[in-house]
Amino acid sequence: MPRNITVGFDGSPESLAAAEWAALEAQSLGLPLKLLQVREPVPEIHPHRPDRIPREAAAGLGKRHPGIEVTGECLPGSATEVLAHASKGAGLLVLGSRGLGRADGFLVGSVGLNVLAHAHHPVVFVRSRQHDSQRPVVLGLDTDHPDSALLDFAFDAAARRGTELRVVHAWSASPYVVDGTPDGPPPHEARALDDAEELADVVRPWRQKFPDVEVTEESWYGSAAAHLVAAGREASLVVVGRRGRRSPFGTHIGHVTHAVLHHSPAPVAVVSHG
């Protein structure tokens, strides 16, 4: 069964923005698009109304984006469970920054984070309708744990958009290094040079794999989350990773990914990896 792009949809402005973003992505990838509404198990005054919402929206998207197959579906159950299950059969799951009628929303509440924790494929969170596809794609990269799925996703996104890819990595100096040596550069400067060289080594195979993508490598001192959020202000998409594991205490998202999800104005793609 071919994969599709699935959107968690409830008719809210945020889910409409997510659907519009997903429609453009579906056109670019040549994939069908599904709008999926989750109907919580509560008494309904108008039992046929929920089914019409995603289907009517799908018809409108199909008219605005001819050439892609758009369908709408409404399923009963828990939002987290239904969307997490849907992500297994989708190549990409797209969620609005707030959705399913909940005040806490996807980005700051449990629904989106729990779906993200169970998703086997990339999940994209979309905040608003205002997107400039010609802006750079930003990739947050941990050179200690580089992952091919994360790099492939970011490079492919930049290639399809015909935009620059900014690869952002941040580092911190050891608290035990205070003074330099008379025969070499200051410790912070030496660390910066080493880190930039390591970043270049990690990215080089993907430069060769995607020769048409213009790549800028940025190695910064300080908070990775702060640098990525700042870069997101001028980005069409921010791509970050999530280690595919759960702790005994619940979902593990990672503080950098968590901060970017909450504060990036650009859509954020989270790619799960080992």
Could you tell me how many of the residues in segment 200-246 are acidic (Asp, Glu) and under 27 Å from ARG127 (Cβ atoms)? 4
Any residue in segment 192-207 that is not assigned by TED's automatic domain parsing to the domain that holds SER219 sitting within a Cβ distance under 8 Å of a residue that is among the small types (Gly, Ala, Ser) and outside any helix (DSSP H, G or I)? List the pairs, counting only those 6 or more apart or interchain. none
Candidate set from segment 31-75 (those that are at pLDDT below 90, of a type in the set (Lys, Arg) and not in a strand (DSSP E or B)); member that is surrounded by the most Cβ atoms within 10 Å (Cβ to Cβ): ARG55
Listing of helices (runs of 4 or more DSSP H) fully contained in segment 105-199 that carry 1 or more residues being modelled with pLDDT of 85 or more: 110-118, 148-161
Determine if segment 146-166 includes at least one residue that is of a type in the set (Lys, Arg) and under 18 Å from LEU29 (Cβ atoms). yes
Here is a list: VAL203, VAL239, VAL271. Which entry is part of a strand (DSSP E or B), surrounded by 15 or more Cβ atoms within 10 Å (Cβ to Cβ) and at pLDDT 95 or above? VAL239
Can you give me the number of residues within segment 14-39 that are without any contact (Cβ under 8 Å) to a residue 40 or more places away in the chain and more than 10 Å from LEU61 (Cβ to Cβ)? 4
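The values are calculated or read from the model by the stated rules, or taken from the named source; none is laboratory data. Because the structure is predicted, anything quoted here is derived from the model rather than measured. Here the Cβ is made from the backbone with ideal geometry for all residues, glycine too, and neighbour counts use every protein chain on show.
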